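Everything on this sheet refers to the single structure shown next.
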Amino acid sequence: MSNTLIDLQEHIDSASTAYWRWQKAAQFPDDARNEEAAKELERITNEIALLKGSEIHLQIDEAWQLLKNLMDNERDWSHLDRIIGAVSAELRSIGFHSSHTGTSLLEWYRDLLRDEAQECLDKIVPAPDLAEQVEDDPAVKAAKQAYERAKAKAYVEARKCPSENILNPLNRL
């Protein structure tokens with residue numbers, strides 16, 4: 001991990017989105033949602049500033065450093081495009097389809113980074129197919145064979161019963 005933590009406002013630019021919402025509020029004065037969204041985004045911006053150096057900030061920095069190293073290693077920065085798009089969509093939805101505190105937005109962002117890092121890691125080190133591993137396991141194969149033999153034996157035993165006993169259960173009494 002680096003000595004300097006990432007700048008949260010560079011990663012989640014809620015201030016720019018608030019400014020954009022104020023412009024939309026002026027453009028559409030009959031729609032109060034833009035003004036409310038702008039106020040919420042300004043509140044979030046202030047809350048995020050207060051969280052500098054907090055535990056969530058450290059977690060985001062750690063997740064970002066991991067993802068950055070994985071992307072650098074693979075020379076695949078497509079995850080960055082997805083992150084930028086997701087952050088933009090999330091910020092635009094505030095006041096319309098979602099609501100956040102500064103902490104909840106940072107937790108959402110941390111989880112996004114962790115998910116992208118896991119996806120990147122899965123490309124580098126593919127997870128084995130569990131179903132295939134189970135099918136190939138000698139103990140599972142032996143258990144399947146034992147089951148099939150027991151099933152066949154039970155079927156043969158069931159066929160030994162006289163047909164009238166099977167058709168009329170009262171004859172068994």
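Does A37 meet the test of being of a type in the set (G, A, S), within 27 Å of the chain's Cα centre (by Cα) and either surrounded by fewer than 16 Cβ atoms within 10 Å (Cβ to Cβ) or farther than 12 Å from G95 by Cα (or both)? Spell out how you get there, then give the answer.
On the way: of a type in the set (G, A, S): yes; within 27 Å of the chain's Cα centre (by Cα): yes; either surrounded by fewer than 16 Cβ atoms within 10 Å (Cβ to Cβ) or farther than 12 Å from G95 by Cα (or both): no.
Criteria not met by A37.
State all residues of the range 90-119 that are surrounded by fewer than 19 Cβ atoms within 10 Å (Cβ to Cβ), among the small types (G, A, S) and over 16 Å from the mean Cα position of the chain (by Cα); if no residue qualifies, say none.
S93, S98, S99
Out of I44, I60, which single residue is surrounded by 18 or more Cβ atoms within 10 Å (Cβ to Cβ), hydrophobic (A, V, I, L, M, F, W, C) and in contact (Cβ under 8 Å) with a residue 60 or more places away in the chain?
When all the criteria are applied, what remains is I44.
Given E148, E157, which one is at pLDDT 85 or above, of a type outside the set (K, R), over 30 Å from L66 (Cβ atoms) and in a helix (DSSP H, G or I)?
Values: E157 fails: at pLDDT 85 or above.
That would be E148, the only listed residue that is at pLDDT 85 or above, of a type outside the set (K, R), over 30 Å from L66 (Cβ atoms) and in a helix (DSSP H, G or I).
The values are calculated or read from the model by the stated rules, or taken from the named source; none is laboratory data. Please read these numbers as outputs of a predicted model, since none were measured by experiment. Cβ: placed from backbone, ideal geometry, glycine included. Neighbour counts: every protein chain shown.
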